[in-house]
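The values are calculated or read from the model by the stated rules, or taken from the named source; none is laboratory data. Note that the structure is predicted; figures quoted are calculated from it, not measured. So basically every Cβ, Gly included, is an ideal-geometry build from the backbone, and we count neighbours across all protein chains shown.
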């Protein structure tokens with residue numbers, strides 16, 4: 001009889017814990033979704049797709065996006081990041097590890113390209129937008145001269161070295 005009572009109590013606690021986790025995930029999802037709306041509004045790719053242009057402060061927008069994305073990453077991703085720590089500690093990587101690694105890589109890449117956009121590497125910008133446009137704008141085997149600059153996501157000129165572009 002006492003064992004049955006303990007089993008019911010344990011089952012009840014486990015069910016309540018899962019219900020609490022589901023409520024927490026839903027809350028994190030909705031709050032992250034709301035924070036995502038200004039991220040989408042400031043995103044040049046979304047603006048191009050939807051055919052509008054909106055800028056708060058041109059030089060600051062990337063950092064606003066990075067700040068909002070960082071909030072989304074840590075707030076929305078916290079259950080996955082703590083799950084990663086738990087799974088690694090138990091030496092049993094699982095779904096939380098997979099999701100945490102994926103969101104960390106995505107956020108890290110975004111942060112690196114935002115922070116590195118104005119940096120110079122070998123005399124050329126390291127910003128991913130310039131690099132991506134340089135790589136995809138021309139056919140393999142074509143030549144570019146230095147007097148044919150590529151524009152970045154805001155219309156700024158990205159210097160392109162004179163070289164043959166290969167895929």
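A few points about this structure:
- Pick from segment 58-75, criterion in contact with a helix residue (DSSP H, G or I) (Cβ under 8 Å, 6 or more places away or on another chain) and either crowded, with 16+ Cβ neighbours inside 10 Å or more than 26 Å from residue 29 (Cα to Cα) (or both), ranking: modelled with the lowest pLDDT: 61
- Among residues that are out of contact with any strand residue (DSSP E or B) (no Cβ under 7 Å at 6 or more places or on another chain), within 23 Å of residue 116 (Cα to Cα), surrounded by fewer than 16 Cβ atoms within 10 Å (Cβ to Cβ) and free of Cβ contacts under 8 Å to residues at least 60 places away in the same chain, residue 101 is included.
- No other residue among 25, 29, 52 is over 16 Å from the mean Cα position of the chain (by Cα) and assigned to a helix (DSSP H, G or I) apart from 25.
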